[in-house]
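Below is one structure, written out as structure tokens; comments come after it.
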Amino acid sequence: MNEFDKLLNRFAASLPVKAKAKAKAKAAADAVGDSPPQDTDGSAPEAEHDEIVATPEATLDATSATADPQPAAADDDSTQPSEDVAAASEDTGESLQDQQLRAFQERLSERLGKAGAARQTKLGVQAGGRLWLVELSEAGEIVAVPPNFAVVPLTHSWLRGLVNLRGSLHAVTDLADFLGEPPSVVGRESRLLVFASRLNLNAAVLVDRMLGLQDMAGLRMISDPDGADAAEWVDSQDRHWYELSLQQLAVDERFLVAAR
């Protein structure tokens, strides 16, 4: 053993166990004229670190490669509301439920009008001490009298005011007062008879009470509407009935101009 080998062995004996292994490996490599593989810090790799460990980046890349492709974008039409829903959502001043109820009442009024024409049936009301007959096709809603009206100044006394019916303002006329009778006193049986929508007039008349459907077959006409202001009938109980045409009121200038 030469002097260099002696110094090397003495130096290796003074090193820790791990450093001794590295020194022996270096000495063996020098003996064969080759250098051992180096770590990034210049030392030989240890056996316990020989296995390959995937990095987080590699794991993410592998997950992306095996993941399901993104679902196709939904069809534009599937995300768009239908035309009916869009129309119903417009600001019309009344809720969708009110619109549906109004449409139902209009359809019901039309059906009642057709049935009444076939059976000669009319709607009976009482106002100003008189009994009146109204064509079903001219009548719209029948609603309870609200506690208050929006009073319109500088108008005739028979215009009770304005009332909000399902989002629309309606002018309320005291029918008895309009016809020259004493004004009606609002009571439990009082009702508002609303004009049918086909008359194109937001109006209602105040009546004392509703008398239901009247079969015209049981009434006898005693005055011709051509020779009097209104047709007149008498029933089996000798009660007199008079015709009330809401259609004629809707075009009556005196009824339309309420200003004094």
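The values are calculated or read from the model by the stated rules, or taken from the named source; none is laboratory data. Being a predicted model, the structure only gives us computed values, none of them experimental. Reconstructed Cβ throughout: ideal geometry from the backbone, glycine too, with neighbour counts over all protein chains shown.
Strands (runs of 3 or more DSSP E) fully within the range 121-167 that include at least 2 residues being touching a strand residue (DSSP E or B) at 6+ places or on another chain (Cβ under 8 Å) and of a type outside the set (A, V, I, L, M, F, W, C): 121-127, 139-144, 159-165.
Within the range 142-152, at least one residue is touching a residue at least 24 places away in the same chain (Cβ under 8 Å), small (Gly, Ala, Ser) and closer than 15 Å to residue 209 by Cβ. Just checking, how many residues over the range 170-214 are in contact with a helix residue (DSSP H, G or I) (Cβ under 7 Å, 6 or more places away or on another chain), surrounded by fewer than 16 Cβ atoms within 10 Å (Cβ to Cβ) and not in a loop (DSSP other than H, G, I, E, B)? Residues meeting the conditions: 0.
Condition check for residue 222 on (1) modelled with pLDDT under 95; (2) part of a strand (DSSP E or B); (3) within 18 Å of residue 123 (Cβ to Cβ): one failure, at (3).
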